[in-house]
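Everything on this sheet refers to the single structure shown next.
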Amino acid sequence: MNDTDRQLLVLLRDDARLSVTALARKLRLSRATVQNRIARLEESGIIVGYTVRLKPEAEAHRIRAWMGIAVDGNKAAAVMQALRGDPNVQTLHSTNGRWDILAELRADSLEQFDRVLGRVRLIPGIAASETSILLSTLKA
């Protein structure tokens with residue numbers, strides 16, 4: 001990956017709906033060159049997909065939270081596998097420091113959120129957790 005690829009990725013991160021023609025114009029490259037670069041980035045696994053970002057209040061799961069999770073010994077793989085299977089776990093990140101895993105949780109109501117917390121805390125291998133409900137988003 002070179003600087004042109006990085007510039008292309010910056011443009012796609014900002015607006016993945018830009019046409020190949022518009023991308024080519026911004027990068028001062030031919031349309032075919034941009035199309036080939038995008039195809040190469042997709043085939044190599046650098047670009048793994050495209051998505052839509054919604055404002056938080058437009059989403060179905062209005063309750064969002066971050067959960068820091070400490071894992072017992074070598075149980076991280078089993079805990080991650082269990083978390084991946086939970087439909088209310090939006091994203092998972094392995095980290096260093098106090099928490100081994102950071103999980104983004106989502107739920108439709110506080111009652112459902114309470115059930116999600118209870119279910120996650122019962123996963124074997126979780127030693128401790130701390131959850132913070134996200135109140136507002138200042139920068140997306």
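A compact table of results
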item	result
Checking ARG53 against (1) closer than 26 Å to ILE133 by Cβ; (2) free of Cβ contacts under 8 Å to residues at least 24 places away in the same chain; (3) not in a helix (DSSP H, G or I), the condition it does not meet	(2)
Every residue from segment 3-33 that is in contact (Cβ under 8 Å) with a residue 24 or more places away in the chain and either touching a Phe, Trp or Tyr at 6+ places or on another chain (Cβ under 8 Å) or closer than 24 Å to ARG53 by Cα (or both)	ASP5, LEU8, LEU9, LEU12, ALA16
Flag if ARG37 is modelled with pLDDT of 95 or more, part of a helix (DSSP H, G or I) and either open to solvent by less than 60 Å² (accessible area, probe 1.4 Å) or over 16 Å from ARG119 (Cα atoms) (or both)	yes
Single condition ARG106 does not satisfy, out of (1) under 21 Å from SER132 (Cβ atoms); (2) charged (D, E, K, R); (3) at pLDDT 95 or above	(3)
Those residues of segment 92-138 which are assigned to a loop (DSSP other than H, G, I, E, B), without any contact (Cβ under 8 Å) to a residue 12 or more places away in the chain and over 21 Å from the mean Cα position of the chain (by Cα), in sequence order	LEU122
Within segment 12-23, tally of residues that are at pLDDT below 95 and open to solvent by less than 40 Å² (accessible area, probe 1.4 Å)	1
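Conditions (1) more than 24 Å from ASP15 (Cα to Cα); (2) in contact with a strand residue (DSSP E or B) (Cβ under 6 Å, 6 or more places away or on another chain); (3) open to solvent by less than 80 Å² (accessible area, probe 1.4 Å); (4) among the basic types (Lys, Arg), marked per residue:
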| site | (1), (2), (3), (4) |
| --- | --- |
| GLY68 | yes, yes, yes, no |
| GLN81 | yes, no, no, no |
| ARG106 | yes, yes, yes, yes |
| GLU111 | yes, no, no, no |
| VAL116 | yes, yes, yes, no |
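The values are calculated or read from the model by the stated rules, or taken from the named source; none is laboratory data. Please read all numbers here as calculations on a predicted model, not as lab measurements. Cβ sites come from the backbone with ideal geometry, for glycine too, and all protein chains shown count toward neighbours. Heads up: the accessible areas ignore ligands, DNA and RNA and are worked out on the full protein's heavy atoms, side chains in. Shrake-Rupley method; radii C 1.70, N 1.55, O 1.52, S 1.80 Å.
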